[in-house]
1. Probe of 1.4 angstrom, ligands and nucleic acids ignored: what's the accessible area per residue over the chain, in square angstrom?
2. Which distance in Å, rounded to a whole number, links the C-alpha centroids of segment 190-213 and segment 10-47?
3. For segment 418-503, what is the Kirkwood estimate of the hydrodynamic radius, computed as the reciprocal of the mean inverse distance between distinct Cα atoms, to one decimal in Å?
4. Report relative contact order for segment 237-337 in percent, whole number only (criteria: Cα-Cα under 8 Å, sequence separation at least 6).
5. Can you tell me, using C-alpha contacts under 8 Å and at least 6 residues apart, the relative contact order of the chain as a whole percent?
6. With a/c under 1.5 counting as rounded, go ahead and sort the chain into rounded, prolate or oblate using the C-alpha gyration tensor (a ≥ b ≥ c being the square roots of the eigenvalues; past the cut-off, prolate if a/b is larger than b/c, else oblate).
7. How far is the Cα center of segment 398-451 from the Cα center of segment 49-96, in Å?
8. Which shape class applies to segment 218-273: rounded if a/c is under 1.5, otherwise prolate when a/b exceeds b/c and oblate if not, where a ≥ b ≥ c are the square roots of the Cα gyration tensor eigenvalues?
Amino acid sequence: MKTLRLILGDQLNRDHSWFETPREDVLYLMAEMRQETDYVLHHIQKVVGFFASMRNFESELQSLGHEVRYFRISDPRNPQNLPDLIQRILEKEPIGRFEYQFPDEYRLDIQLRNFCNSLEIPWQAVDSEHFYTERDELTTFFKGKKQLLMESFYRMMRRKHGVLMEGSQPLGGKWNYDRQNRNAWKGTPAVPSVFTTGRDVSDLLEEIRKAGIRTLGSIDPKKFDWTTSAEEARALLSYFCEHLLPFFGAFQDAMHTGEKYLFHSRISFALNSKMISPAEVVDTVESYHRKNPEKVHISETEGFIRQILGWREYMRGVYWREMPGYSEKNYLKNLNPLPKFFWTAETGMNCLRHAISQSLETAYAHHIQRLMITGNFALLVQANPEEVDRWYLGIYADALEWVQLPNTRGMSQFADGGIVGTKPYISSANYIHKMSNYCKDCQYDPKERLGPKACPFNALYWNFLHAKRDVLADNPRMGMMYRLLDKKDPEELEALTQRAAQVIEHPEQF
Ligand code: FAD
Ligand code: SF4
């Protein structure tokens, strides 16, 4: 009898102990399924990226001598959902045991657990051997604490894993160099040419189209840019260290119409599909800094490592601490629809047009575009977090619920009432003007608050503070904002709320 081992599409971890030596008594199972393509409207590059990476992973396992049953999306024998798929193999093959790796998404966790509870053969769920932390490590760390401060979690992680440490002290003398990392980018230093795999995915694209899968966004099938194997992910990481890391921190919050990626790594898809591990990324970056301290300063290195060792593990911990209730949180009671231009980029607001059209074209936007352009606007128009979640979960190639949800509901929309962030990330046009060149060619004036040329973000910002006074005014970190609001002339405030209402009711007119 054989053991059947399930490999999910985001479990492409070649270094997992399962694959140490090929065994004749183990059969691996992989499948492209409608269950996964249809739970939300995904970007076409995300679907292609996952399927291409899964196919590469299957070939690799086969070439290493492992036995794999792989079901393509077009295979008529493919039942297109997990329980039927596993059941089918159990009926057809001599299987005496079933094993799977813990999924990272709650819906899959429940689905597999329910399925296994009805099995008559022994089964076991094992670790995916990808993350630094266990699912409940953050919960244990913050036990009895009211606030889940990312910074204290991050310092514990640095100490525990000996990352960027000199004995018991942080390398360079400081734990956090964020204050040095807030520059706008004005054309220098030059951004190196973009790393590309240039893979031709035309055949796969045709197969997906023929299967009738609904998707969003566009794709150039002759030049597919996402990494789809561990080798490509490593090449991307080397490229990042050599060319982008030297400026990563300094321009990490910058935005520019001429540069989609600036100095960001674009490694999230490879990480989230587990083609590369966070430890490998962090260790490579740290050792690059230690070997080249003049070229890559500690501020750049620490800024990058914090994102992975800190934020990424922290978000995963929050997800498992708070699910299932987290996906229903709506602390600010926001119920407005998300403007339709999120799906088309057809808006006169330059920052939103750029951030959204880039997302539709590339399935990518960097953190500040997600947080301070699209996320900020969605929050200011008080959009329903359900709709906001669906947009973020669909549009980005790296979007998987365990990381998308705490970032969207928590950090960006403050729908969790302050579990992830201590205050909502909102801004008027001022911040966008400072950190980007979006306002330069915009039909709106970032400095105007009222009148036809006034930037809509400005009225929305004051209106939001006014509308949410009951729940936000007592937040100590909002004190300054409310003091400024209180100084506003009542007539001006009235005019601002009227303009904001126009934007909220008729976003298509702006
Ligand atoms: P870089 O800027 O080069 O950063 C390096 C890595 O750090 C990233 O690849 C990522 O793995 C990690 N990282 C950075 N910030 C975060 C963060 N806040 N949370 C978790 N990991 C982080 N990230 C996702 O991986 N999937 C998502 O679905 C996702 N949705 C988001 C939604 C919103 C509203 C916001 C504000 C952020 C979201 N993020 C998400 C976090 C972040 O924007 C992306 O990880 C990052 O833009 C990916 O691009 P990069 O690889 O070039 O990142
Ligand atoms: Fe965006 Fe306002 Fe600047 Fe235009 S003026 S780009 S709408 S912030």
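The values are calculated or read from the model by the stated rules, or taken from the named source; none is laboratory data. Since we're looking at a predicted model, the values are computed, not measured. When we count neighbours, we look across all protein chains shown, and the Cβ atoms used for this are built from the backbone with ideal geometry, even at glycine. All accessible areas refer to the heavy atoms of the entire protein, side chains included, with ligands and DNA or RNA removed. Shrake-Rupley method; radii C 1.70, N 1.55, O 1.52, S 1.80 Å.
1. Accessible area per residue: 42 Å².
2. Spelled out, the Cα-based centre of one part sits 19 Å from the other.
3. After inverting the pairwise mean of 1/r, the radius is 13.7 Å.
4. It rounds to 29 percent for segment 237-337.
5. Answer for the chain is 16 percent.
6. Prolate, because a/c is 1.5 or more and a/b exceeds b/c.
7. 41 Å
8. Oblate is the answer for segment 218-273, as a/c is 1.5 or above yet b/c matches or exceeds a/b.
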